[in-house]
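Structure first, then comments.
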Amino acid sequence: MTTSEVDRDSVFSGTFIGGVWAPVAPGRGQLVRDPADGSVIGEIGDTSVVECLAAVEAASGALPAWAATTPRERAGVLRRAFDLMQRERDVIARLIVRENGKLLADALGEVDYAAEFFQWFAEEAVRVGGDFRLAPNADKRIVVTSQPIGVAVLITPWNFPAAMATRKIGPALAAGCAVVLKPAGETPLTAAYLVDLLTRAGVPDGVVNLVTPAEPGPAVSAMLHHRLVRKLSFTGSTEVGRLLLHEAADQVISCSMELGGNAPFLVLADADIEDAVEGAMVAKMRNGGAACTAANRFYVHRSIAEEFTRLLTDRMEELVAGRGDDPHSGVGAMVSDAERDKIADLVDLAIDEGAVALSGGRRPDGAGAFYPPTVLTGVRHGDSITRREIFGPVVAIAVFDTEDEVIDWANDTDMGLIAYVYSADQARAMRIAARLESGMVAINRGVASEPAAPFGGMKQSGLGREGGHVGIEEFLETKYLAIPV
Ligand code: NAD
């Protein structure tokens, strides 16, 4: 990215209400830093609580006209947004690298994935169905229609700054809703860029608003207590999600929650070991391990554990931690020093509990939020590292003996987002998948995320689904009309 491109992005103040960028108020700037070296790459404003409520009102004001547009018109806007994202793919990806630290290849992959939500929901906008039936006792006809749920507050995390936003904005706009987006404080510039892109695609003033309060708690609470807000769509940690469910309860706001994961990666005795290693690298190392879908616990059958571990360690050792835009880097920076330290502390704890680091495992000296690719063996199910989300480039391997045992281990968690199963016997893998308590199961694959498929978790990993045919329904209200026969 050229300096002028960074400058151009940073003129977006972070607060966009009713089609107007508010200037950064003196003394209320928040610096955005590149986690690879700590340098400042932009500044955004600290949106006040009053401004957040004004954003809700701007959305509410714009809602009736947007809801009244034809599905074809809304589809056209989303399609133009998809085209713009494709055209500006490289600029967006480099911005993501700068504020998030991830590899450029991962950022490019994210932009493609993110853009596809606009294309997919452009297609879904014109396919919202209904129902028309005779009541069982033939006293009336039942007509079922749907309408936009209303003003939606969208809250996103830092690990996929573009995709987590488009996965919400796409279906919300397709359904005819108006939104207030609150991105993570670490990565607001990508969100600001996307909001600008949407206006260029033809989104009318007030339909998409952006707020960047420095303290999200009070600002989000105020929005969730505004009587015009009808929807909360949140992606982030289970801890914050739980707080927001309590907040949303006061006004009985509809909630879609994409929360934390703790994905088990099962390698059965009959698995193709090289395939499993390949899949493990993707499931673990995509996004530097900072994905809710990242394989968190590797459970490998005793008969193949040694070979699997050796091959995977060889692959992990090839990866060098470095700047995301350096083509020689195999893993980029973590999003912040604090996030890197969380990973390092968890690895230290795992070693204290008996794990052995075959590679990595030590917090590097020097500038930048880097953590080396790490492989831990000797992990036992139940150790802290199998209970918490690692969110970094750390493989933790435990050995199992029986199928029932490994299914019990996989399900022995409050989370239930995704699980991975490697077996040469597809029917067996499907049988195991049916017994796993997770919203998604990847069979002999290291990645499952796909805009055309429903993404989401069971148990404390979330409520509702994003993407697929059901994604738009999260932003629609069902209405039943009883009419004469
Ligand atoms: P986080 O929960 O700390 O923050 C998420 C968002 O909530 C951010 O915008 C943050 O500013 C905001 N927030 C924080 N405290 C808040 C409060 N008190 N009130 C209102 N808003 C608040 O999560 P994170 O660290 O940004 O992201 C990592 C987490 O997100 C991981 O647990 C990961 O598994 C999860 N995640 C889940 C999915 C999914 O689809 N299930 C996808 C990506 C990330």
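Tabulated data for the structure shown
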read-out	value
Subset of the range 213-247 that is among the aliphatic types (A, V, I, L, M) and within 7 Å of the ligand (Cβ to nearest atom) - its residue that is surrounded by the fewest Cβ atoms within 10 Å (Cβ to Cβ)	Leu243
Filter result (polar (S, T, N, Q) and buried (at least 17 other Cβ atoms within 10 Å of the Cβ)) within the range 133-161	Ser146, Thr156, Asn159
Options Ile407, Ile390, Ile397: the member that is more than 16 Å from the ligand (Cβ to nearest atom) and under 17 Å from Ala283 (Cβ atoms)	Ile397
Only listed residue being more than 21 Å from Glu389 (Cβ to Cβ), in a helix (DSSP H, G or I) and of a type in the set (Lys, Arg), chosen from Arg230, Arg315, Arg286	Arg315
Top-ranked residue in the range 276-304 [being farther than 24 Å from Gly261 by Cα and either out of contact with any helix residue (DSSP H, G or I) (no Cβ under 8 Å at 6 or more places or on another chain) or free of Cβ contacts under 8 Å to residues at least 24 places away in the same chain (or both); ranked as surrounded by the fewest Cβ atoms within 10 Å (Cβ to Cβ)]	Arg302
Residue within the range 157-167 that is of a type in the set (Ser, Thr, Tyr), in a loop (DSSP other than H, G, I, E, B) and under 19 Å from the mean Cα position of the chain (by Cα) present	no
Hey, Thr145 touching a residue at least 24 places away in the same chain (Cβ under 8 Å), part of a strand (DSSP E or B), out of contact with any helix residue (DSSP H, G or I) (no Cβ under 8 Å at 6 or more places or on another chain) and assigned by TED's automatic domain parsing to the domain that holds Arg33 or not	yes
Whichever residue in the range 162-212 is in contact with a Ser or Thr (Cβ under 9 Å, 6 or more places away or on another chain) and of a type in the set (Ser, Thr, Tyr) and, among such residues, is surrounded by the fewest Cβ atoms within 10 Å (Cβ to Cβ)	Thr187
Answer from Val399, Val395 - the residue that is at negative phi and buried (at least 23 other Cβ atoms within 10 Å of the Cβ)	Val395
Scope the range 334-361; condition in contact with a helix residue (DSSP H, G or I) (Cβ under 8 Å, 6 or more places away or on another chain) and in a loop (DSSP other than H, G, I, E, B); matching residues	Met334, Val335, Glu353, Ala355, Gly360, Gly361
The range 449-482, subset among the acidic types (Asp, Glu) and touching a residue at least 24 places away in the same chain (Cβ under 8 Å), residue farthest from the ligand (Cβ to nearest atom)	Glu477
Selection from the range 289-305 of residues that are assigned to a helix (DSSP H, G or I) and within 16 Å of the ligand (Cβ to nearest atom)	Gly289
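The values are calculated or read from the model by the stated rules, or taken from the named source; none is laboratory data. For clarity, every value in this text was computed on a predicted model and none was experimentally measured. All Cβ positions, glycine included, derive from the backbone under ideal geometry; neighbour counts span all protein chains shown.
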